[in-house]
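Trainee: Structure in structure tokens, see below.
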Number of protein chains: 2
Amino acid sequence: MAKDLNQVIVAIADPTRRAIVGRLARGPARISDIAAPFPMSLTGFCKHVRVLERAGLVRRTHRGRENTLELTAEPLREVARWVSQYERFWNARLDRLEEFFAAKKEKS
Amino acid sequence: MAKDLNQVIVAIADPTRRAIVGRLARGPARISDIAAPFPMSLTGFCKHVRVLERAGLVRRTHRGRENTLELTAEPLREVARWVSQYERFWNARLDRLEEFFAAKKEKS
């Protein structure tokens, strides 16, 4: 489990791979269509796809002569869970503000 | 901004560094105390700390003869924001189940 989480996090640490995830969130598409807007070779692009595949974030389907990719976003759930443990740290300042106003209201 | 997000995500892609973040969530501590339970040299440990520092996730304070570390979790907010865009994908199955029961209730 921890090993997979590492893999998933490494997969999303790259802006190209995050962009691929973002593109696939709009629906499955052919690899060449997804690759087109990226300023890199198809070989380079496919390396990124393989990292996403190994992390379980995309699924490749053979449809006719070309591969189709679709998003399988569930592994991101573990990342969300890990990160959400620390929400209270960035909410802390907001909470202190709320407490301040609640205390003020009680007094008046 | 995107560059920083990459750095933050790379920083949390390692289980030792996630464990350090988890430890510091309980409060600031001296580096040697945080390092003690980890099965590695202090030099190896300090390399991880530097990755976290560069990502803005921990802050080092010189207090007396030893460095103290504290968590500065705010950079994780951007990670949480990015990941939360995809929540609907892992909630989708749950939603379909809810719709099914809502439709059933309406009929009866």
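The values are calculated or read from the model by the stated rules, or taken from the named source; none is laboratory data. From a predicted model like this one, the values you see are computed outputs, not experimental measurements. Neighbour counts run over all protein chains shown; Cβ positions are idealised from the backbone, glycine included. Ligands, DNA and RNA are excluded from the accessible area calculation, which covers all protein heavy atoms including side chains. Shrake-Rupley method; radii C 1.70, N 1.55, O 1.52, S 1.80 Å.
Trainee: It is to be established whether one or more residues within the stretch B:5-19 are touching a strand residue (DSSP E or B) at 6+ places or on another chain (Cβ under 8 Å) and crowded, with 16+ Cβ neighbours inside 10 Å.
Mentor: Taking the stretch B:5-19 first, the residues touching a strand residue (DSSP E or B) at 6+ places or on another chain (Cβ under 8 Å) are none.
Within the stretch B:5-19, not a single residue is touching a strand residue (DSSP E or B) at 6+ places or on another chain (Cβ under 8 Å) and crowded, with 16+ Cβ neighbours inside 10 Å.
Trainee: Would you check which residues across the stretch A:1-56 are among the hydroxyl-bearing types (S, T, Y), more than 20 Å from B:A11 (Cα to Cα) and within 12 Å of chain B (Cβ to nearest Cβ) and list them? Outline the logic, then answer.
Mentor: Looking only at the stretch A:1-56, we keep the residues that are among the hydroxyl-bearing types (S, T, Y), and these are A:16, A:32, A:41, A:43.
Then drop every residue that is not more than 20 Å from B:A11 (Cα to Cα), which leaves A:32, A:41, A:43.
None - no residue of the stretch A:1-56 is among the hydroxyl-bearing types (S, T, Y), more than 20 Å from B:A11 (Cα to Cα) and within 12 Å of chain B (Cβ to nearest Cβ), so the list stays empty.
Trainee: Hey, could you check the stretch A:73-92 for residues that are among the basic types (K, R) and at the interface with another protein chain (Cβ under 9 Å from one of its Cβ atoms) and say which is surrounded by the most Cβ atoms within 10 Å (Cβ to Cβ)?
Mentor: Applying the filter and picking the extreme gives A:R77.
Trainee: Would you mind stating whether A:G44 is in a helix (DSSP H, G or I), surrounded by fewer than 15 Cβ atoms within 10 Å (Cβ to Cβ) and under 11 Å from the mean Cα position of the chain (by Cα)?
Mentor: No; evaluated as a whole, the condition is false for this residue.
Trainee: Out of A:R59, A:R50, I need the residue that is in a strand (DSSP E or B), under 28 Å from B:E87 (Cβ atoms) and either open to solvent by 80 Å² or more (accessible area, probe 1.4 Å) or out of contact with any helix residue (DSSP H, G or I) (no Cβ under 7 Å at 6 or more places or on another chain) (or both). Which one?
Mentor: Only one candidate qualifies: A:R59.
Trainee: A follow-up question, please. Please work out if A:E70 is assigned to a strand (DSSP E or B), in contact (Cβ under 8 Å) with a residue 24 or more places away in the chain and within 12 Å of chain B (Cβ to nearest Cβ). Write out each step before concluding.
Mentor: Working: assigned to a strand (DSSP E or B): yes; in contact (Cβ under 8 Å) with a residue 24 or more places away in the chain: yes; within 12 Å of chain B (Cβ to nearest Cβ): yes.
Considered against the rule, which asks whether it is assigned to a strand (DSSP E or B), in contact (Cβ under 8 Å) with a residue 24 or more places away in the chain and within 12 Å of chain B (Cβ to nearest Cβ), A:E70 comes out as yes.
Trainee: Does B:A102 satisfy being of a type outside the set (S, T, Y), free of Cβ contacts under 8 Å to residues at least 24 places away in the same chain and open to solvent by 50 Å² or more (accessible area, probe 1.4 Å)?
Mentor: Values: of a type outside the set (S, T, Y): yes; free of Cβ contacts under 8 Å to residues at least 24 places away in the same chain: yes; open to solvent by 50 Å² or more (accessible area, probe 1.4 Å): yes.
Here the answer is yes, as B:A102 does meet what is asked.
Trainee: Which residues, counting only those in the stretch A:1-41, are touching a residue at least 24 places away in the same chain (Cβ under 8 Å), over 26 Å from B:R81 (Cβ atoms) and in a helix (DSSP H, G or I)?
Mentor: Within the stretch A:1-41, A:I31, A:S32 qualify.
Trainee: May I pose another question? Mind checking which pairs have a first residue in the stretch B:46-65 that is of a type in the set (G, A, S) and a second that is not in a helix (DSSP H, G or I), Cβ under 7 Å, 6 or more apart or different chains?
Mentor: Close Cβ pairs satisfying both conditions: B:A55/B:P75; B:G56/B:T72; B:G56/B:P75.
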